[in-house]
Amino acid sequence: QMFFLLLGTLMLLQSSAVGSIKTAESYWTLKPNVLVVNVDVGKDVNMVQVPLICGEAYEGQNVTWTKNKDEKLKAQGNKIVITVEGWKGANYSCFNKEGSYLNHTLVLAQWTFKKIIKNTPEKGYIHCSTNNYGGSFQCFWTWDVNRNGHVAHIKATRPHGGSNISCSLDSKGQSITCLDQDYCPYSEEVDRINLTIYFRSSYVVETYNTKFYIMDIVRPDVVAISRINQTSVEVGYPHSWNTPSSYFPLIFQVKEIRCPKGIKCDCSKPNSPETYLTQSHQLPVTKGRAVCVRARDEFCNSSWSEWSLYNQGKDLSSLTRVEPEEQETPKAEQVELKSSKVEQAELKTSKAEQAKLQTTNAELKVQETTRVK
């Protein structure tokens, strides 16, 4: 306490003499062993004095300090004061009189610029999404190629739900996966998730924040489309979607498009006049057209899934024929046709066996009649 009292007095005197030196409220603790200094980018010279403590267990001992491992500081003792100029942070380490490492404090400078990750027009700096109401979600960003950035800290909370949200960084450092341990898909979300990610480049840190409900970021996986017959298909819910479907219903957006010969089908093009919404799982198919289907939560104005494409080909009457430069018959249809042929062969075999059985029965009756006589 005496140390910080003297520090406050020192800062007050220095602030009177040098207007650019700030008081202790200009820095804060990001996490253990990491301090962040707020930088006022509007000033030509920005200096902040920060107290460093090696550890309470080393009070009264002969402690020396280094800056960035190689620069020895003149200040000695368990508690020292450093001056951070501009955004020139550093890593300060303390050692005992034998030169053995004791502890360290990483000092970072935070400015208001947004340079470490990129801002995209549609998704912003950080984009979060989830494929169901399970309580987990992923967040993505794009690094600026001119910055050697990495994640310094992640914080995810709900205002009244505590901080029982855990997040992990992927191996490439390009996304995080989080899980809200207290989330319940059957109850209404009262508070938004408050996600803050601190990105670091060298000794500079930038803070990015986003708030959302799970229902705002839910986006189903692609739907499954299977052929029923030549005039209809069936649409299935993604395997990752919540059950029962009566409580978590999806609505489908359907459109039919023409796929000219030699041109790849593209469902993402502007909607055709035939676009419509439906809850039905069985959809009619127009001969010579491809079907595009995507889904979203029926009760929330959230994001649509990616498009699923079913291209039945131009000639449904000749599914087994594969001509050059035309789309091959889908494997599912080939299996179905093959199964149909097997069934027909089995039917012919069955009829032959029945005829043979009838002949045998007739012969037995003749033998019985002969025995009676």
Check: Filter segment 146-163 for residues that are modelled with pLDDT of 90 or more and either within 14 Å of the chain's Cα centre (by Cα) or open to solvent by 60 Å² or more (accessible area, probe 1.4 Å) (or both); which is farthest from residue 192 (Cα to Cα)?
Finding: 150
Note to self: Of everything in segment 33-81, what is of a type in the set (Val, Ile, Thr), in contact with a strand residue (DSSP E or B) (Cβ under 8 Å, 6 or more places away or on another chain) and under 29 Å from residue 114 (Cβ atoms)? Give them in sequence order.
What the structure shows: 34, 36, 37, 39, 45, 48, 50
Next item on the list: State all residues of segment 88-139 that are within 30 Å of residue 248 (Cβ to Cβ) and of a type in the set (A, V, I, L, M, F, W, C); if no residue qualifies, say none.
Entry: 126, 128, 137, 139
Check: Which of the residues belonging to segment 226-235 are open to solvent by 40 Å² or more (accessible area, probe 1.4 Å) and within 31 Å of the chain's Cα centre (by Cα)?
Finding: 226, 234
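The values are calculated or read from the model by the stated rules, or taken from the named source; none is laboratory data. Note that the coordinates shown come from a computational prediction; the quantities given were computed from them, not determined experimentally. Ideal geometry is used to build each Cβ from the backbone, glycine not excepted, and the neighbour counts take in all protein chains shown. In case anyone asks, the SASA skips ligands and DNA or RNA and just uses the protein heavy atoms, side chains included. Shrake-Rupley method; radii C 1.70, N 1.55, O 1.52, S 1.80 Å.
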